[in-house]
Amino acid sequence: MGMYDPDYSDYSLGYYTMLLEIEYGQERGFEYYYPGYVTPGFSRFDYKLKVGEVEYFNLFNKKWELYQNLTIEDYPISILHQKLEHLKEALHQADVHSEIYYYPFFDLALMAYWNSNYLNYPIFLWCKLPSNYNTFIIFSYNLNTSNYIVMQCSPESEIPGFLNPLHEAEGEDQAAFLDVLIVKTAISLKNSPKRIAEVITEWENFKHHPQL
């Protein structure tokens, strides 16, 4: 297990351990090396790209392609942002206030240290419910299923103190949401942004229709 310590950041220890892993694989005749995930548009994991020619898995055509051919328009974060902008405009037309936030804690869901259902989307649309509901919901977009997702979330009060200084939002001068969120309820939405906006203004009906 590797742990990041900012006091040793100048030594590039993460890159060094990758080279050791590659050497280990070469000695045993392995053909491929998986360096772990990167997030296009977020530079935190770009050191993994220094090992040489890297391929990525295209979620849309289900093929491995050269990472160097990936354009900004193809970045998952760019596609997510575009989808959420469409939904934000539809909500605006329905007089529902919403804001797009980058969420730097999205990768907590990939860690096995805690059992909580952490939010695992790097960007989401925050929406203040109408009527008298003293709560909030958020939207994101699932690239694997091509559906919007609506989630009811609550902040996590007990998280390790070292997380906050290490997670910094990046990209597009977008506001960052710096509370760790736990997903209480998640519903897949099959309809268009316009229809979602119409339904969300009637939350009582929305709660009883999990498949829209």
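Annotations
- The residue pairs whose first member lies in segment 7-33 and is not assigned by TED's automatic domain parsing to the domain that holds residue 55, whose second member is among the aromatic types (Phe, Trp, Tyr), and whose beta carbons are closer than 8 Å, counting only pairs six or more residues apart or on different chains, do not exist in this structure.
For every residue, the table says whether it meets (1) more than 23 Å from residue 17 (Cβ to Cβ); (2) surrounded by 15 or more Cβ atoms within 10 Å (Cβ to Cβ); (3) in the same structural domain as residue 138 (by TED's automatic domain parsing); (4) modelled with pLDDT under 85.
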| site | (1), (2), (3), (4) |
| --- | --- |
| 63 | yes, no, no, no |
| 81 | yes, yes, yes, no |
| 85 | yes, no, yes, no |
| 89 | yes, no, yes, no |
| 100 | yes, yes, yes, no |
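- Matching option when the condition is of a type in the set (D, E, K, R), under 22 Å from residue 146 (Cα atoms) and touching a residue at least 60 places away in the same chain (Cβ under 8 Å), among 99, 65: 99
- Looking only at residues in segment 127-143 that are at pLDDT 85 or above and surrounded by fewer than 19 Cβ atoms within 10 Å (Cβ to Cβ), the one that is farthest from residue 197 (Cα to Cα) is 143.
- Subset of segment 67-77 [modelled with pLDDT under 90 and in a helix (DSSP H, G or I)]: 68, 72, 73, 74, 76, 77
- Residue within segment 149-156 that is at negative phi, at pLDDT below 80 and in the same structural domain as residue 98 (by TED's automatic domain parsing) present: yes
The values are calculated or read from the model by the stated rules, or taken from the named source; none is laboratory data. No experiment lies behind these values; they were computed from the predicted model shown. A quick note on method: Cβ atoms are made from the backbone with ideal geometry, for glycine too, and the neighbour counts reach across all protein chains shown.
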